[in-house]
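Colleague: Below is a structure I'd like to ask you about.
The values are calculated or read from the model by the stated rules, or taken from the named source; none is laboratory data. Keep in mind that what you see is a predicted model, and the values were worked out from it rather than measured. Don't worry about glycine lacking a Cβ; one is built from the backbone with ideal geometry, like all the others, and counts go over all protein chains shown. Calculation scope for accessible area: heavy atoms of the full protein, side chains included, ligands and nucleic acids excluded. Shrake-Rupley method; radii C 1.70, N 1.55, O 1.52, S 1.80 Å.
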Amino acid sequence: MPKVLNNVKAVSEALDVAMDKWKEVVVYGEDAGYEGGVFRATEGLQAKYGEERCFDAPISEALFAGLGIGMALNGMKPVVELQFEGLGWASLQNILGHMGRMRNRTRGKYPTPLVIRMPMGGGIRALESHSEAMEAMYAHTAGVKVVCPSTPYDTKGLILAAIESPDPVIVFEPTKLYRAFKQEIPDGYYTIPIGEAFKIQEGNDLTVVTYGAQTVDCQKAIEELESKKPELTIELIDLRSIKPWDKKMVCESVKKTGRLLVVHEAIKSFSVSSEIIASVNEECFEYLKAPLSRCTGFDIVIPFDSGEVYHQPNPTRILDKMEEVLNFKF
């Protein structure tokens, strides 16, 4: 029977299904055992599967990642929870220097089926280092896959695909969307292919590419624009996977619309939008009707508490950018 779940419960559901399917799956992190995690994403798993398979880890992100690499090299499927993305700096030595390199370092002898989950982004008025969006840095790391689901259906399917993957995957979970809405999702096991985007709606005048929490903001902005100008139709693509990303779907869309707007909350410089825009410019230049554009966070340290709202793209900012691109004339 289908279940109606929000995003955080979809995380729990995915982990439960995986732990039932594979005895090699273990789940751990700060407060991830008895308390069920700071967002309660692992709630009930320790009671169901025992302390050896779902346990609390000490406050040492470097240890989390290193321990996970060792487990994965020895045939286990660890799922590591970092409480917040901005607390993961200490784990970078293992993630950047070891996790994605093991297959190459051992000449294919040892894959590293490790999943690291990180709540990311703003929207819950958290403290400093609790609202980061540094997905581009991890995507720049060879050998590591990066996904960022925005719906309960995608959350469950991508986490299960990540656990199934023989290579390491980082799963970014937008905190703003954890309990924002519910969706009916299939019961049991299913996966979503990593690297496959989802077209939320078809359109002919502008392609909007986004992921994570900004999918909701983009839908609101598009709804307002199309109500004001019903002659316009906007194509909205949710990347879902940041690396690898669905270049084929995005380029096919831009060749149809001739215009592109990329939206994310991470800072602008050296970002995911930079890669998308560079790739589209290389492959679709002769189809363009306007300069490629983006609506992003600013190149600053993420403001904490109430300052978040001034940094994150919102429907008003996105709407203004869409109109700017649509009104451009060569």
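Colleague: Quick one: what are the phi-derived ³J(HN,Hα) couplings along the range 132-142, Karplus 6.51/-1.76/1.60 with θ = phi - 60°, whole Hz, x for glycine and proline?
Modeller: 6, 9, 10, 4, 5, 5, 6, 5, 6, 8, 4
Colleague: Turning to a different aspect of this structure: Given Cα pairs under 8 Å that are at least 6 residues apart, what percent is the relative contact order of the range 120-214?
Modeller: Relative contact order for the range 120-214 comes out at 32 percent.
Colleague: Give, rounded to the nearest 20 debye, the magnitude of the charge dipole that the range 1-91 has about its Cα centre when Lys and Arg contribute +1 at Cβ and Asp and Glu contribute -1 at Cβ.
Modeller: Computed about the Cα centre, the dipole is about 380 debye.
Colleague: A further question follows. Quick one: which residues, 5+ away or cross-chain, put their amide H under 5 Å from the amide H of Lys3? H built at 1.01 Å from N.
Modeller: It is Ile185, Asp187, by chain and number.
Colleague: In sequence order, what are the phi-derived ³J(HN,Hα) couplings for the range 28-38 according to the Karplus relation 6.51 cos²θ - 1.76 cosθ + 1.60 with θ = phi - 60°, rounded to whole Hz, with x for glycine and proline?
Modeller: Working through the residues one at a time gives 7, x, 5, 6, 6, x, 4, 7, x, x, 4 Hz.
Colleague: With unit charges on the beta carbons (Lys and Arg positive, Asp and Glu negative) and the dipole taken about the Cα centre of the range 198-327, which residue among Leu206, His311, Ala221 sits farthest to the positive side?
Modeller: Leu206
Colleague: When ranked by the protection proxy of mean other Cβ atoms within 10 Å per residue, highest first, what sequence do the peptides 249-257, 303-311, 8-16 form?
Modeller: My ranking of the peptides, most packed first, is 8-16, 249-257, 303-311.
Colleague: Output the 0 to 90 degree angle, nearest 10, between the alpha-carbon long axis of helix 61-73 and the longest principal axis computed from the alpha carbons of the chain.
Modeller: With both axes taken from Cα atoms, the answer is about 70 degrees.
Colleague: While we're on this one: Short version: ³J(HN,Hα) in whole Hz for each residue of the range 5-19, in order, from phi by Karplus 6.51 cos²θ - 1.76 cosθ + 1.60 (θ = phi - 60°), x for Gly and Pro, what are they?
Modeller: These are the phi-based 3J(HN,Hα) values: 9, 8, 5, 5, 6, 5, 4, 4, 4, 4, 5, 4, 4, 5, 5 Hz.
Colleague: In whole Å, what is the distance between the alpha-carbon centres of the range 287-315 and the range 1-62?
Modeller: So the two Cα centres are separated by 33 Å.
Colleague: Give the angle, between 0 and 90 degrees and rounded to the nearest 10, that separates the Cα long axis of helix 247-257 from the longest principal axis of the Cα atoms of the chain.
Modeller: 20 degrees
Colleague: Sort 202-208, 110-116 by the packing proxy (mean of other Cβ within 10 Å over each peptide's residues), most packed first.
Modeller: 110-116, 202-208
Colleague: What residue among Val11, Gly33, Met102 has its Cα farthest toward the positive end of the dipole of the chain, where the charges are +1 on Lys, Arg and -1 on Asp, Glu, each on the Cβ?
Modeller: Met102
Colleague: Skipping prolines and chain starts, which residues have an amide H placed within reach, meaning under 5 Å, of the one on Ile192, given they are 5 or more residues away or on another chain?
Modeller: Distant-sequence amide H within range of Ile192: Leu158, Ala161.
Colleague: Among rounded, prolate and oblate, which fits the range 198-327 when a ≥ b ≥ c are the square roots of the eigenvalues of its C-alpha gyration tensor, a/c under 1.5 means rounded, and a/b larger than b/c means prolate?
Modeller: oblate
Colleague: Can you give the convex hull volume of the alpha carbon atoms of the range 3-185 per residue, in Å³?
Modeller: 99 Å³
Colleague: Another question, if that's okay. Carbon-plus-sulfur fraction of the accessible area of the range 229-306, 1.4 Å probe, in percent?
Modeller: It is 58 percent, rounded to a whole number.
Colleague: Sticking with this one: Which entries in Lys248/Lys289; Lys248/Lys329; Lys48/Lys109; Lys247/Lys289 show an alpha-carbon gap greater than 24 Å?
Modeller: Cα-Cα > 24 Å for Lys248/Lys329; Lys48/Lys109; rest within.
Colleague: Right, something else. What percent do you get for the relative contact order of the range 3-185 when only Cα pairs under 8 Å and 6+ apart count?
Modeller: Relative contact order here is 27 percent.
Colleague: Quick one: compute the contact order of the chain, relative version, from alpha carbon pairs under 8 angstrom and 6+ residues apart, as a percent.
Modeller: Rounded, it is 16 percent for the chain.
Colleague: To continue, here is another question. With point charges of +1 on the Cβ of Lys and Arg and -1 on the Cβ of Asp and Glu, referenced to the Cα centre of the chain, which listed residue (Ile194, Ala57, Val325) lies farthest in the positive direction of the dipole?
Modeller: Going by the charge dipole, the pick is Ile194.
Colleague: Here's something else I'd like to know. To the nearest 500 deg cm²/dmol, what mean residue ellipticity at 222 nm is calculated for the chain from DSSP H runs of n ≥ 4 alone, each contributing -39,500 (n - 2.57), summed and divided by the residues?
Modeller: Dividing the helical sum by the residues of the chain leaves -10000 deg cm²/dmol.
Colleague: Another one. Compute, for the range 198-327, the length of the dipole vector about the Cα centre, with Cβ point charges of +1 (Lys, Arg) and -1 (Asp, Glu) only. Units Debye, rounded to 20.
Modeller: 240 debye
Colleague: Further, regarding this structure: Relative to the first principal axis of the alpha-carbon coordinates of the chain, what is the inclination of helix 214-228, with its axis defined by its Cα atoms, in degrees from 0 to 90 and to the nearest 10?
Modeller: 20 degrees
Colleague: What number comes out for accessible area per residue over the chain if the probe is 1.4 Å? Units Å², please.
Modeller: For the chain, the per-residue accessible area is 43 Å².
Colleague: In addition: Mind pulling the per residue volume of the convex hull built on the Cα atoms of the chain? Å³ is fine.
Modeller: Taking only Cα atoms, the chain has a hull volume of 129 Å³ per residue.
Colleague: What is the magnitude of the charge dipole of the chain about its Cα centre, with +1 placed on the Cβ of each Lys and Arg, -1 on the Cβ of each Asp and Glu, and no other charges, expressed in debye to the nearest 20?
Modeller: Dipole magnitude for the chain comes out near 780 debye.
Colleague: Which far-off residues, 5 or more places away or on another chain, put their amide H under 5 Å from the one on Val27, with H placed in the peptide plane?
Modeller: Result for Val27 returns Cys54, Phe55, Val79.
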